[in-house]
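Here, each number is a calculation from the coordinates, and none is a lab measurement. None of the values given here were measured: they were computed from a predicted structure. Cβ placement follows ideal geometry from the backbone for every residue including glycine, while neighbour counts extend to all protein chains displayed.
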Amino acid sequence: MIRREFLARALSAAVASAVGSLGVRSAFAQHAGHDMHDMSGMSDMSDMEGMGDMHGMHDMAGMRGMTSHAAGASDAGVALASPDALPSGAPLATLRRLANESSDPGTFRATLVAQPVRRQLMPGKQTQFWLYGDAAQGPVAGPLIEVHEEDTVEIRFVNRLPQPSTVHWHGLPVPPDQDGNPSDPVAPGESRVYRFTLPRGSAGTYWYHPHPHMLSAGQVYRGLAGPIVVRAADDPLAALPERYLFLTDLKLAADGSIAPNDMMDWMNGREGQFVLVNGARRPRIVVARDERWRVWNACNARYLRLSLGVNYPFAQVGTDGGLLGDARDGLTELLLAPGERAELIVRAGQWPSQTALTAAVYDRRKMAMGPGGLPPDPARALADVRFAPASAGGSGAGAAAQPAPHPLPSPLRTIEALAPPAGATAPQKSVVFSEEMDMAAMHRPGATMHEMPAGMKFLINGETFDASRIALTSRSGEVEHWSIENRTDMDHPFHLHGTQFQIIDRQRNGKRTPEPYLAWRDTVNVQPGETVRIATVQRMPGERMFHCHILEHEDLGMMATLKVV
Ligand code: C2O
Ligand code: CU
Ligand code: CU
């Protein structure tokens with residue numbers, strides 16, 4: 001593809017100039033196992049003391065020492081920890097919970113502190129995470145916020161990080177001024193209260209994470225992200241036991257520190273050598289009866305094509321915004337783009353057996369330093385799953401003695417198609433993703449490929465994010481049709497704040513595929529060359545963000561503001 005070739009060449013040239021004597025080929029080869037650049041001057045970047053400089057990470061001049069390291073790049077690269085440096089095989093951890101300090105029914109009141117926390121995950125090495133809650137023990141993710149429809153939620157956020165931060169309630173219909181927009185930062189040492197009331201019908205699987213201007217990726221990859229479950233009064237699946245799988249990505253240096261982003265991380269979105277499930281590598285799950293799983297993809301950039309293997313079909317019963325109308329049964333895989341969630345029914349089966357929950361190969365067309373792009377990652381086991389149906393084995397009872405699989409109610413709920421009132425037409429909006437590489441910026445003296453590389457642009461409607469610009473304006477209560485077109489060469493997950501939308505259809509290679517079922521979502525993957533059409537409505541005036549949920553792209557400016565009037 002012409003654009004991809006051009007991009008690859010632009011990057012090759014820029015990297016060659018940035019790393020001096022180090023050839024592109026060897027720079028690329030090194031990336032396979034290590035970071036490409038010498039970050040030794042930044043080894044304390046994950047420590048509080050070193051973070052003062054991070055604040056200006058978009059300001060290349062602020063990255064002292066970087067150019068000199070780049071010039072002498074023969075010792076390039078932070079050595080990364082080996083992919084098996086973290087222990088595996090422990091039972092799936094129970095998530096920490098954010099305690100409700102209120103005894104009034106209908107109120108959830110709590111304090112959420114973001115702070116550096118030192119933990120030992122790798123034997124003999126300390127890692128400094130940034131976490132919500134004291135987190136001296138328990139998963140290095142979370143805590144879980146469990147609330148109910150119609151609850152009033154009042155969360156005091158205390159920022160003990162060395163950077164400004166916000167808390168964004170991903171997917172929840174909270175007022176714009178309570179949604180942790182980048183324009184509402186909480187300064188280091190400060191606090192604020194986020195307050196909102198959850199409407200009826202909002203039951204579902206959400207999450208929260210920081211959203212400060214240009215600092216979201218770094219805060220999330222240091223550990224700041226947690227799950228939210230909103231419960232319904234009348235949940236048709238309430239009888240099933242629930243299991244939560246909160247998936248995050250971790251990239252550790254050999255010394256145990258959280259490795260900084262290198263240029264490939266900025267370009268493609270960061271993928272570490274570890275995927276954690278509830279804060280641990282490859283845990284063990286025992287399924288003794290049919291279960292409802294809630295799964296979050298809280299990775300910065302990793303796509304998760306989830307599978308239990310072809311012999312272990314499961315049902316999907318929910319998306320980002322809660323239950324489907326009808327279960328989608330018999331699935332053997334489900335793609336969760338960064339930011340997406342799903343509710344699944346995993347059946348215990350009739351006989352003991354075991355398998356792995358796997359992220360199967362998915363080619364999201366990552367870019368490379370040379371022509372052709374990077375190959376997709378190989379499949380990866382995320383967790384080991386053992387099926388031990390309660391009544392199996394024992395006396396050798398036959399199949400007739402087994403309990404019937406839990407029947408799924410139909411419908412699970414009623415979802416109406418989101419449409420303008422009869423006789424009206426929905427206003428149309430267009431969102432176009434594109435990419436642009438600015439050779440001049442890349443070659444400017446002193447430009448480096450560290451942190452946010454100058455000249456690497458991911459655009460929405462031809463622009464990078466500018467806090468002072470309103471990209472689109474919508475009227476509160478008005479159902480609109482948006483088309484999201486991906487003119488780049490890689491996948492990007494589109495995310496819109498403040499509401500849940502429905503997919504109408506997807507068009508690619510001249511073929512239009514109507515979405516086969518109704519579902520509420522706040523994030524949808526858009527493949528290269530694809531246009532996804534959605535129906536959406538905002539119900540509260542104010543400013544909302546929409547962006548690519550590869551957090552590095554968001555920080556690089558692949559984000560825009562929707563004003564709701
Ligand atoms: Cu989870 Cu603006 O994002
Ligand atoms: Cu969001
Ligand atoms: Cu993107």
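What the table below lists for this structure:
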read-out: Residue exposure sequence - 537, 153 - by fewest surrounding Cβ within 10 Å; value: 537, 153
read-out: Counted charge near residue 122, where neighbours are those whose Cβ lies closer than 12 Å (Asp, Glu -1; Lys, Arg +1); value: +1
read-out: Segment 428-564: relative contact order as a whole-number percent, Cα under 8 Å and 6+ apart; value: 31
read-out: Separation between Cα centres of segment 469-516 and segment 98-123, rounded to whole Å; value: 34
read-out: Sequence-distant lysines (8 or more away, or on other chains) whose Cα lies within less than 24 Å of residue 429; value: 457, 511, 563
read-out: Ranked list, fewest to most other Cβ atoms within 10 Å of each Cβ, for 481, 492; value: 481, 492
read-out: Between segment 233-268 and segment 324-351, the Cα center-to-center distance that results, in Å; value: 18
read-out: Listed residue (502, 490, 437) projecting farthest to the positive dipole end of segment 428-564, Cβ model; value: 502
read-out: Table column - 3J(HN,Hα) (Hz), segment 243-250, Karplus curve with 6.51, -1.76, 1.60, x for Gly and Pro; value: 10, 10, 10, 9, 9, 10, 10, 9
read-out: Under 12 Å, Cβ to Cβ, from residue 469 - net charge with Lys/Arg +1 and Asp/Glu -1; value: -2
read-out: Model label zone, residue 101; criterion: amide N under 13 Å from point 7 Å along Cα-to-beta-carbon; scope segment 161-193; value: 191-193
read-out: Cβ-defined net charge surrounding residue 232, 14 Å radius [Lys, Arg +1; Asp, Glu -1]; value: -3
read-out: Footprinting exposure proxy for 190, 543 (fewest neighbouring C-beta atoms within 10 Å first); value: 190, 543
